[in-house]
1. Within segment 269-306, work out how many residues are farther than 16 Å from Thr258 by Cβ, among the aliphatic types (A, V, I, L, M) and either out of contact with any Lys or Arg (no Cβ under 6 Å at 6 or more places or on another chain) or exposed (fewer than 14 other Cβ atoms within 10 Å of the Cβ) (or both).
2. Of the numbered conditions (1) assigned to a helix (DSSP H, G or I); (2) in contact (Cβ under 8 Å) with a residue 40 or more places away in the chain, Val260 fails exactly one; give the number of that condition.
3. How many residues, within segment 83-110, are outside any loop (DSSP other than H, G, I, E, B) and under 19 Å from the mean Cα position of the chain (by Cα)?
4. Say whether the condition of being over 19 Å from Ala105 (Cβ atoms), modelled with pLDDT of 95 or more and touching a helix residue (DSSP H, G or I) at 6+ places or on another chain (Cβ under 9 Å) is met by at least one residue in segment 169-177.
5. Could you please find all residues in segment 122-138 being farther than 17 Å from Ala362 by Cβ and surrounded by 24 or more Cβ atoms within 10 Å (Cβ to Cβ)?
6. Within the set of pairs 6 or more residues apart or between chains, which connect a residue that is in contact (Cβ under 8 Å) with a residue 12 or more places away in the chain and farther than 16 Å from Lys192 by Cα inside segment 151-165 to a residue that is hydrophobic (A, V, I, L, M, F, W, C) and not in a strand (DSSP E or B) with Cβ atoms less than 6 Å apart?
7. Suppose we filter segment 4-49 for residues that are in a loop (DSSP other than H, G, I, E, B), among the small types (Gly, Ala, Ser) and buried (at least 16 other Cβ atoms within 10 Å of the Cβ); how many remain?
8. Quick one: in segment 325-349, of everything that is surrounded by 17 or more Cβ atoms within 10 Å (Cβ to Cβ) and under 21 Å from Glu27 (Cα atoms), which residue is modelled with the lowest pLDDT?
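The values are calculated or read from the model by the stated rules, or taken from the named source; none is laboratory data. Since the structure is predicted, the reported quantities are computational estimates derived from the model, not experimental observations. Heads up, the Cβs are rebuilt from the backbone with ideal geometry, glycines too, and the neighbour counts pull from every protein chain shown.
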Amino acid sequence: MDFDLSEEQRLLKDSVDGLLGDSYDFEQRKKYGAEKGGWSKSVWSKFAEQGLLGLPFSESDGGFGAGAVETMIVMEALGKALVLEPYLATVVLGGGFLRHCGSAAQKAEHLPSLIDGSKTLAFAQLEKNSRYDLADVSTTAKKSGAGFVIDGEKFVVLHGDTADTLVVTARTGGGQRDRAGIGAFLVPANAKGVTVKGYPTQDGLRAADITFNGVEVGADAALGDPANALPLIEQVVDDARIALCAEAVGAMEESLKTTVEYIKTRNQFGVAIGTFQALQHRGSDMFVALEQARSMSYFATMAGTFDDARERATAVAAAKVQIGRSARFVGQQAIQLHGGVGMTMEFKIGHYFKRLTMIESAFGDADYHLRRVSDLGGLVGDQ
């Protein structure tokens, strides 16, 4: 199978790498993180100017009609640079709902400002004790006239404190863990009854706990069927998992590169520690783990286009297992090979490990997805 990028894809990769190489080294990242909201509006504008924010959307909606491979290329680059900006939250998650099932009116209202960088979105899904179960929803959306009234709480909403619009999962019927009776709604972040409490996360990004108290939205706020949106939610979350796999590959690649450079220059007993065979073996093991992760990231990227939801879910879960295991191994080895300085805030390697740790747990850790692969029948079915 040919895994070479097309000419257009190579140009995209060179463009993104060039942009981030010029504007996103580790010291600049610290400055961006200190800005209001925890990320740089000027960098976000550059993303918009290069068309990165409109990449996955159809040309009829003002985008570029790119596919999963292009998103993978961008996410790998963001992982290498440890980017703080809300690309995953806005383009992959929030934009994913609009792309997959947004009405013409919803797309017209939100996509132009998303693509030009003037609007950001966030996905409010996680609830207290719900863990990784997308069907565990106690937030309610009760019919009120032609619209809905939303009540409930959402936690750890990625970039929720700077989002202009929230995609909120809420139950319109059924029990707390029923698959039926779940809707997804577009809610303005400044709507009456919305309370947002933002805070930094361990990896340097931002999140928020959000309370909805009698928040009124119209019927046009519902994305797709308000009584049966779980398949849509699962598809968008799978897209996010695929994007996170690619981001992790980028972060692991940079972690390995940084570690190899360090052991080539760090001297002990009068020689560079990189000359010690035991450390060379560790570096080799890190490389193998990275390449295993890269292969599964490619597999997940291709699986994102599968029509069969079960087949897609199995492939994505398997990729998340390998990504999680590789990320933990590469991150731990990188810290060990750096020694004590790897634990300091001044060295970037610890920041890569923090981000890899957060990616590993996002939308299901390796153990959770290993159970999913088993429950779904495994990657190789009966012959």
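1. The qualifying residues number 7.
2. For Val260, the exception is condition (2).
3. Of the residues in segment 83-110, 14 are outside any loop (DSSP other than H, G, I, E, B) and under 19 Å from the mean Cα position of the chain (by Cα).
4. For segment 169-177, residues over 19 Å from Ala105 (Cβ atoms), modelled with pLDDT of 95 or more and touching a helix residue (DSSP H, G or I) at 6+ places or on another chain (Cβ under 9 Å): present.
5. Matches in segment 122-138: Val137 only.
6. Note: pairs meeting the criteria are Phe155/Leu126; Val156/Leu126; Leu158/Ala89; His159/Ala89.
7. Here is the first cut: in segment 4-49, the ones in a loop (DSSP other than H, G, I, E, B) are 4-6, 24-25, 34-35, 39-40.
Narrowing further to those that are among the small types (Gly, Ala, Ser): 6, 34, 40.
Now restrict to residues that are buried (at least 16 other Cβ atoms within 10 Å of the Cβ): 40.
Residues that pass the stated criteria total 1.
8. Applying the filter and picking the extreme gives Gly342.
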